[in-house]
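To start, the structure under review is shown below, and the notes come after it.
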Amino acid sequence: MLSSTTASSSASSHPYRPASPCASRPRLRPVLAMAGSDDPRAAPARSVAVVGAGVSGLAAAYRLRKSGVNVTVFEAADRAGGKIRTNSEGGFLWDEGANTMTEGELEASRLIDDLGLQDRQQYPNSQHKRYIVKDGAPALIPSDPISLMKSSVLSTKSKLALFLEPFLYKKSKTRNSGKVSDGHLSESVGSFFERHFGREVVDYLIDPFVAGTSAGDPESLSIRHAFPALWNLERKYGSIIVGAILSKLTAKGDPVKTGSDSSGKRRNRRASFSFHGGMQSLINALHNEVGDDNVKLGTEVLSLACTFDGLPATGGWSISVDSKDAGSKDLVKNQTFDAVIMTAPLSNVQRMKFGKCGAPFVLDFLPKVDYLPLSLMVTAFKKEDVKKPLEGFGVLIPYKEQQKHGLKTLGTLFSSMMFPDRAPDDQYLYTTFVGGSHNRDLAGAPTSILKQLVTSDLKKLLGVEGQPTFVKHIYWRNAFPLYDRDYNSVLEAIEKMEHNLPGFFYAGNNKDGLAVGNVIASGSKAADLAISYLESRTKHNYSH
């Protein structure tokens, strides 16, 4: 949405997990490489089923293919990409899901390099100019201490709280001992930031940020799961600000942490970007590398059966699918694989039938996940009809401002200000978000109603006149899983599945964060774990 979340979760334990799956880039496993050789002693080629062709599933499939593993990706929809989708019409180009990403995760940088997409990266104009609404009007968000002092976004009291935080929050022996109270484990994002910086910071900086990145709200979100890096900084240093500074100093000189490429050139891993042609360019490149024949679109997974409980011979998983494609009748039959990477949302997983060793494997331990609904309204206006155009990335609307001034939207991206080639020269293109945690019912409103609400908000904030010249409405019923204060039960359930089903690995935004970079990393790490698992089986069989 308006910026990239840093949410991620620590990997769960698994009998075949390496000690540190993300510590180094995996080499092509020599045992797996033998699988495709002419050596009569070579083990049979290994195969993995990937369920879901979103970016996490495609990233997993790509990593597996590079390591010499046979991959089949099953996708129930008639297109790959999940919630990454770009469309165009009448000289306009817009994204219908994720609009930008960052290279905050090392796996994202490596994937872009491997796919040769560096030349297609498109960085927004004036991306550091981002606005929030204060007193009914857009105000520039301060980006450094000097601009913060001059800004009217926060009161003098809140500015003082920010500068005093390093002195008020010192390192605690209790926090650093590993003994964490239940209250601290389940603390909300709102409570966490209010303790450190005061309520105004929560209302005017944190609230719009979490709404713009996850459609959530500070009181519902878990700090531990939505912002694990900050949660860990507090445990280690006490002060968030001190921790951030020390972590940055520690990272200097480390090419992995600073994002330097192989030539030593420094990369800004926090900068938001898209691609020429939109975010779909990433999906198209991945799909092409995985291979069209290996991605089965319109194919729903009905059941998965684990047929062993240990380290047997080839083919420990049987998967039954149903295909909409009349030319793929063979897909209806059961297929066997050595491992499975599941990237479908947990709400979809709960509808699948699982078996283990001939008996049903009931998923009644999977808790219900709360998904947030969201509508995207893409609108365009003649430039002459926008009386107060703003240069920059976009504007976020704190919930407090929505209540005070009758605003109904979460925020708006200045799409053609960021990327001028996405609209005709005489028009401005905007992408506005409606719904989320505070306005669930509004997300599902008819297009005509949402058009009125968006036009009204843009009139108040940007001075638009008249009606839009172009309108597109995209509704996501389950836009994001809510990382609420009970979300640890979800992660524990995922871990239970992985532990009890040999060769089963889970990836995606239900586990490792919501941002595009997070789900790429999630899929890549799941592939690494699957490779380690296959290697352990191959060595076991080869030794016997």
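Worth pointing out:
- In terms of its alpha-carbon gyration tensor, region 458-497 comes out prolate; a/c meets the 1.5 threshold, and the first ratio a/b outweighs b/c.
- Descending Cα extents along the principal axes, region 372-499, whole Å: 60, 34, 26
- Rg to Rh quotient for region 338-393, alpha carbon positions, Kirkwood Rh: 1.38
- The chymotrypsin sites (Phe, Trp or Tyr not before Pro) of region 336-435 meeting both criteria, a DSSP state outside H, G, I, E and B (loop) and at most 16 other C-beta atoms within 10 angstrom of the site's C-beta, are 361, 365.
- Carbon plus sulfur fraction of accessible area for region 396-464, probe 1.4 Å, in percent: 50 percent
- q = 0.09, 0.11, 0.20 Å⁻¹, region 428-544: log10 I(q)/I(0) [Debye, one scatterer per Cα]: -0.47, -0.61, -1.11
- Three principal axis extents describe the C-alpha atoms of region 478-518; from largest down they are 29, 23, 16 Å.
- Solvent exposure of region 472-517, expressed per residue, is 34 Å² of accessible area, with all protein chains present and a 1.4 angstrom probe.
- Full extension of the chain segment joining residue 308 with residue 447 gains 45.0 nm, where the gain is 0.36 nm per residue of separation less the Cα-Cα distance.
- With one equal scatterer per alpha carbon and no solvent term, the Debye-computed log10 I(q)/I(0) for region 91-236 at 0.08, 0.09 1/Å reads -0.31, -0.40.
- Ratio Rg/Rh [Cα only; Rh per Kirkwood] for region 306-462: 1.20
- Quotient of Cα Rg and 2.2 N^0.38 Å for region 88-143, N being how many residues it contains: 1.56
- Sparse-neighbour loop sites [trypsin sites (Lys or Arg not before Pro); region 117-174; at most 13 other C-beta within 10 Å; DSSP]: 170
The values are calculated or read from the model by the stated rules, or taken from the named source; none is laboratory data. It should be emphasised that the depicted structure is a prediction, and the values quoted were computed from it without experimental measurement. With ideal geometry, Cβ positions are generated from the backbone for all residues, glycine too; neighbour counts draw on all protein chains shown. For accessibility, only protein heavy atoms count, side chains too; no ligands or nucleic acids. Shrake-Rupley method; radii C 1.70, N 1.55, O 1.52, S 1.80 Å.
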